[in-house]
Structure formats: structure tokens, C-alpha cells
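What follows is a short report on a single structure.
The values are calculated or read from the model by the stated rules, or taken from the named source; none is laboratory data. All values reported here derive from a predicted model rather than from experimental measurement. Note: ideal-geometry Cβ built from the backbone for every residue, glycine included; neighbour counts use all protein chains shown. Quick note on the areas: whole protein, heavy atoms, side chains included, nothing else; ligands and nucleic acids left out. Shrake-Rupley method; radii C 1.70, N 1.55, O 1.52, S 1.80 Å.
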Amino acid sequence: MSLTLHLGDEAATTALGAAAARCLPTAAQPFVVELAGDLGAGKTTFARGLLRELGVSGQIRSPSYALLETYDAGGWQVLHLDLYRLLDPEELENLGVRDYHDGRCLWLVEWPGKGEGYLPRADARLEFASGATEHTVTLAAQGAAGAAWIAALNPDTGS
Ligand SMILES: Nc1ncnc2c1ncn2[C@@H]1O[C@H](COP(=O)(O)OP(=O)(O)OP(=O)(O)O)[C@@H](O)[C@H]1O
Ligand SMILES: [Mg+2]
């Protein structure tokens, strides 16, 4: 299934991130979200909204330079990756992502294509786009957990 939403302004993207945090699955297993889309499309804005809602209180840095920021919030070990500057997907191993393959780990992965072959299977892929007049996001699920999450985010079917 896939769903496209219009994001009228930055606040709308932040609010979608917050809603996404509220309907994360409850199972104690990793949940992997790919955040795709061009530079400036809104990936980090969404991640910030989600992390804030999970309870992260300090500054939420974009991982553009560090490639990785981690958080312990809302019962999740969160891994926020931005792989734009990753030269080789094998470098992912050096970032310590190995520790995030079990338990309640949330992966938020910007530029997932750069880590192809070295990332866990995604539960959902969010494709952000900034057109001439507005931003949009298309949410696509892979598997039951991702589908339930996206259904809950759908204004027509969610709560
Ligand atoms: N729905 C929206 N409407 C208008 N502006 C937005 C919207 N969402 C985010 N922005 C703005 O777009 C800019 C870039 O957003 P953001 O940093 O989230 O992009 P990104 O996809 O993470 O880019 P990068 O690939 O460089 O990491 C920010 O200034 C943000 O405020
Ligand atoms: Mg970003």
C-alpha cells in the first residue's frame, strides 16, 4: 500500500513526524524507516518531529556530517542516519550499527540508497519531495508492521 500526503509547511512535516512517533509498533523488535527524497525535501524535519515526540529534549542535530546520531527515548534505541556522505556502504559497519539489529530499535535512514546491501530490510519507505509549490511525502509499506503504521497515519483510515 502507499499513501501520498501534502505537507503545506514545515509545521505539517513536523506534525507528521510526531504522529508517526505516536503510532510506532509495540513489539520489541527493530522498526526500519527509510527517509528518501532530494536535498531539502524534509527528511530531517520529519525525523526531528518524531524524535521530539518520543521525548528527546535537547538539540536534535542533523546527522549530515556525523552520519549518525543516536537517542534513547520513548522506550526506543533510535539510530538516525544520514548516509549522503557515506563513500562505501561497508563503512556502515564502522559506525556501530551492528548493535541495533535486535530489540526495540528504531532506524531512521536518510539517503538509504547509499547503504544498499548493508541496511536491514525496511518496514516503510517515506519519499519526500519538494515541488515548485509544495512539499509532499509518499509512504509505502513493506510488511505488516509497516502497513499498520502507515494505515494509522492515513487521515482517512487512521485514528
Ligand atoms: N512541508 C514543508 N514545507 C516547506 N518547507 C519545509 C517543509 N518541510 C521542511 N521544510 C524546510 O525545508 C528545509 C530542508 O528540510 P530538511 O533539512 O528536513 O531536508 P532534508 O530532506 O533532511 O535534506 P538533506 O538531504 O539535505 O538532509 C528546512 O528549512 C525545512 O524547514
Ligand atoms: Mg537531512
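Residues in the range 32-78 that are open to solvent by less than 30 Å² (accessible area, probe 1.4 Å), within 12 Å of ligand 1 (Cβ to nearest atom) and farther than 24 Å from GLU134 by Cα: ILE60, PRO63, LEU67. Pairs are defined by a Cβ separation below 9 Å, a sequence spacing of at least 6 or placement on different chains, a first member in the range 64-86 that is of a type in the set (S, T, N, Q), and a second member that is at pLDDT below 95 and in a loop (DSSP other than H, G, I, E, B); the pairs so defined are THR70/GLY96.
Of all residues in the range 136-159, those satisfying the criterion of being open to solvent by 40 Å² or more (accessible area, probe 1.4 Å) and of a type in the set (Val, Ile, Thr) are THR138, THR157. Here the range 3-31 is the region considered, the condition is being touching a residue at least 24 places away in the same chain (Cβ under 8 Å) and of a type in the set (Val, Ile, Thr), and the residue that is surrounded by the most Cβ atoms within 10 Å (Cβ to Cβ) is THR13. Scanning the range 106-135 for residues being in contact with a Phe, Trp or Tyr (Cβ under 8 Å, 6 or more places away or on another chain), over 16 Å from ASP82 (Cα atoms) and open to solvent by 30 Å² or more (accessible area, probe 1.4 Å) gives a total of 1. Can you confirm whether ARG121 is among the basic types (Lys, Arg) and either within 27 Å of ARG22 (Cα to Cα) or outside any loop (DSSP other than H, G, I, E, B) (or both)? Yes, satisfied.
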